[in-house]
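Trainee: The structure's right below; bear with me while I get my questions together.
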2 protein chains.
Amino acid sequence: MDLFETLGDPVRRSIVEELAAGEQSAGELTAMAQVRFGISQPAVSQHLRILRERGYVTTRAEGTRRIYRLSADPFADLRLWLGRYDRLWSGALDDLGTYLNRPDPGTTNDRERDHV
Amino acid sequence: MDLFETLGDPVRRSIVEELAAGEQSAGELTAMAQVRFGISQPAVSQHLRILRERGYVTTRAEGTRRIYRLSADPFADLRLWLGRYDRLWSGALDDLGTYLNRPDPGTTNDRERDHV
DNA sequence: CCCAATCATAAGATGATACTTATGTATGCA
DNA sequence: TGCATACATAAGTATCATCTTATGATTGGG
């Protein structure tokens, strides 16, 4: 599950989300990331490299530009991982389910109330 | 989606996976993490704090120990996020689907062949 | 050919994260 | 009351990921 580490970076997550809509050239992805994050071209290229090396995208040369596309179901592992917990909160799980879903007075956290 | 960043850390991921099986005390979680990662008690406590502050777990005091449990469906966001792409690789998507699933000779990467 | 465009790589700086040791706080028990 | 257990917090350090600038490699076009 290095997918969590891979998608943990917001830039890479954006790239993946962008590619989900269809293939795009490195230049287009770079422009997008520069607008959203204000980073340089090499920075984006490095993120693309990580996505390549981990098998989440593939590339094809087209003239002088490189077209990126998502690999077939890069999220298979993630879906699998998530599936292991699905039945836990699907509501089907009787005792534990209701137990977990209770607001449970006196059980809440001590400090926080930040994001969520 | 700070969940990716949260679960990006293997220690926190282990804790969450552990808690999916049921509640556990800080001490038990600490022992687990120490065995698996060889880190100190404060290190684990800091990870627990992050999980607390981000709302993924709640705690309850029981004597001198603190019992941790997963919040109700901490993965709701993740499932939602993933759902947006589900139909893309479900095989239902005709053209793009087959296109993406092709081995596509001459399209593969240049360098890699690492993890995946 | 030569130059411009597109993208990748190298090397170094910087910053965020996660670790460490040391200490604080609360509870239970003798 | 005093000590031990369980856990949290503080402060400092270190490690690692990500950024930057500089440069290389490939391709197309005049």
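Each value in this text was obtained by applying a stated rule to the coordinates, not by laboratory testing. Remember, it's a predicted structure, so these values are computed and weren't measured experimentally. We place every Cβ from the backbone using ideal geometry, glycine too, and count neighbours over all the protein chains shown.
Trainee: Considering only residues that are of a type in the set (K, R) and within 13 Å of DNA strand D (Cβ to nearest atom), look in region A:54-72 and name the one that is surrounded by the fewest Cβ atoms within 10 Å (Cβ to Cβ).
Mentor: A:R65
Trainee: Being among the aliphatic types (A, V, I, L, M), part of a strand (DSSP E or B) and under 17 Å from A:R13 (Cβ atoms) is the filter here, so list the residues in region A:51-73 that pass it.
Mentor: Matches in region A:51-73: A:V57, A:L70.
Trainee: State yes or no: is A:A43 more than 19 Å from A:D2 (Cα to Cα), within 12 Å of DNA strand C (Cβ to nearest atom) and surrounded by 13 or more Cβ atoms within 10 Å (Cβ to Cβ)?
Mentor: Yes, satisfied.
Trainee: Follow-up. If you go through region A:13-40 one residue at a time, how many are near DNA strand D (Cβ under 7 Å from one of its atoms) and either free of Cβ contacts under 8 Å to residues at least 12 places away in the same chain or assigned to a helix (DSSP H, G or I) (or both)?
Mentor: Residues meeting the conditions: 3.
Trainee: Need the failing condition index for B:V57 against (1) at positive phi; (2) in contact with a strand residue (DSSP E or B) (Cβ under 8 Å, 6 or more places away or on another chain), just the number.
Mentor: B:V57 satisfies all of (1) at positive phi; (2) in contact with a strand residue (DSSP E or B) (Cβ under 8 Å, 6 or more places away or on another chain) except (1).
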